[in-house]
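Everything on this sheet refers to the single structure shown next.
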Amino acid sequence: MTVGLIHFLVVAAILFALGFYTVVTRKNAVGILMGVELILNAANLNFVAFSRYGAVANVTAGQVFPVFGIMVAAAEAAVGLAIVLAIFQNWGSIDTEKTTALRQ
Amino acid sequence: MFLELTENILTTVPLSFHIFMALASFTVLGACGVAFSQNIVYSAFSLLATFAGMVGLFGFLSNDFLAIVQLMVYVGGILVVILFAVMLTNKISEVQSSNPSNNIIAGLCLMGLLLTVLVTSVFSYDWQTREPGPYEPTAAKIGDAFLGPYLINFEIAGLMLLVALLAAVVVARKEVKFIEDNEAQDKG
């Protein structure tokens with residue numbers, strides 16, 4: 001029972017599925033952003049797992065790319081939460097079912 | 001009896017497997033809290049558990065630099081910003097049911113379908129693997145890669161962070177005061 005690539009892939013798949021469920025079902029915009037963070041974490045875990053256990057020629061690539069992933073996640077969180085705050089200032093709520101001004 | 005059983009498990013299964021299972025269950029339980037909790041403050045703190053578990057998993061995968069980056073950026077940065085947003089957008093009285101879900105049944109069905117597809121594809125594909133080497137520091141290699149083959153990506157990522165910073169400030173500020181200042185100037 002040694003730990004291998006498949007264990008990490010399964011953990012990442014569970015994280016991705018839970019993040020997907022969060023994004024699909026949440027009404028609160030901050031909750032949806034939390035789901036996106038889970039999905040990005042799952043992707044980073046896959047990169048690192050392949051760089052350690054996969055038969056790849058360039059090991060460093062799998063260690064460098066998650067840093068870019070974390071950068072994108074940081075930018076996404078900053079801009080996304082700024083948008084959430086702007087929506088809260090204009091509507092008084094961040095419920096995604098109430099912010100439907102474009103539909104009317 | 002119990003001691004023998006424990007000893008048996010500890011000798012037949014290597015310690016690294018137990019460490020991995022502890023870290024993975026910590027991570028997945030935190031993610032479950034994010035997905036299923038009805039209180040958004042509990043969701044945010046479950047996200048803390050997920051990020052802490054991810055730090056451990058990165059360390060387990062012999063990537064010390066990324067573990068520290070994850071700790072600093074996610075736990076020290078993103079989680080604090082998320083908690084600020086939670087505190088600024090919810091009234092204390094509503095916090096008990098502040099994170100409602102809709103279409104729970106459809107969401108669970110979709111999640112089960114997605115998980116089945118992903119896990120069956122993971123198990124059915126014949127992954128080309130290798131024996132992992134010994135644990136060694138990675139920061140120097142990553143630094144060389146950033147200033148070597150990935151230099152353009154590195155510069156563009158820095159530019160993107162600057163743009164995101166400016167965009168966050170521009171989107172989140174209140175413009176009311178600025179307009180009043182302009183009107184005051186026009187009258188004066």
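Just checking the listed ones, A:44, A:28, A:90: in the Gaussian network model of chain A with Cα springs under 10 Å, the one fluctuating most is A:90. Among A:97, A:37, a tally of other beta-carbon atoms within 10 Å of each Cβ gives an order, fewest to most, of A:97, A:37. The distance separating the Cα centre of segment B:5-51 from that of segment A:1-43 comes to 14 Å.
Taking the beta-carbon count within 10 Å as an exposure proxy, list B:119, A:3 from fewest neighbours to most. All intermediate terms of the calculation are to be shown ahead of the outcome.
Values: B:119 16, A:3 20.
Going from sparsest to densest Cβ surroundings: B:119, A:3.
When the Gaussian network model of chain B links Cα atoms closer than 10 Å, the mean-square fluctuations of B:143, B:30, B:112 top out at B:112.
Which number comes out as Rg/Rh for chain A once both Rg and the Kirkwood Rh are worked out on C-alpha atoms? Before the final figure, lay out each step's value.
On the way: Rg = 17.5 Å, Rh = 15.6 Å.
In chain A, Rg relative to Rh is 1.12.
Calculate one ³J(HN,Hα) per residue across segment A:35-46 by plugging θ = phi - 60° into the Karplus curve 6.51 cos²θ - 1.76 cosθ + 1.60, and present them in order as whole Hz with x for glycine and proline. Result, ordered by residue: x, 5, 4, 4, 5, 5, 5, 4, 5, 4, 4, 4 Hz.
Less than 5 angstrom separates the built amide H of residue B:129 from those of A:55, all sequence-distant by 5 or more or on a different chain. For chain B, set up a Gaussian network in which alpha carbons nearer than 10 Å are linked by springs, and say which option among B:57, B:29, B:108 fluctuates the most. In this elastic network of chain B, the residue with the biggest mean-square fluctuation among B:57, B:29, B:108 is B:108. Along its principal axes, segment B:1-101 has C-alpha extents of 53, 36, 19 angstrom, given from the largest down.
Evaluating 6.51 cos²θ - 1.76 cosθ + 1.60 at θ = phi - 60° for every residue in segment B:33-47, the Karplus couplings come out as x, 4, 7, 10, 6, 8, 10, 5, 5, 5, 4, 4, 6, 5, 4 Hz, glycine and proline recorded as x. Taking every Cα-Cα distance in the protein assembly as shown and sorting them into 5 Å bins from zero, the calculated P(r) comes out as 1, 5, 10, 14, 15, 15, 13, 10, 7, 5, 3, 2, 1, 1, 0, 0, 0, 0 percent.
What's the local net charge at residue B:149, with K and R +1, D and E -1, over the other residues with C-beta under 14 Å away? Walk me through the numbers before you get to the answer.
Numbers: positive: B:141; negative: B:144, B:155.
Neighbour charge sum, excluding residue B:149 itself: -1.
Pairwise Cα separations in chain B fall into 10 Å bins from 0 onward with the following percentages, short to long: 7, 17, 27, 26, 14, 5, 2, 1, 0. Rounded to the nearest whole Hz, the Karplus-based 3J(HN,Hα) values (6.51 cos²θ - 1.76 cosθ + 1.60, θ = phi - 60°) of segment B:76-84 follow the sequence x, x, 5, 5, 5, 5, 5, 5, 4, with x at glycine and proline.
Every number in this text was worked out from the coordinates using simple rules, so none of it is lab data. On a predicted model such as this, the values are computed, not experimentally measured, just so you know. Virtual Cβ from ideal backbone geometry, glycine too; neighbours counted across all protein chains shown.
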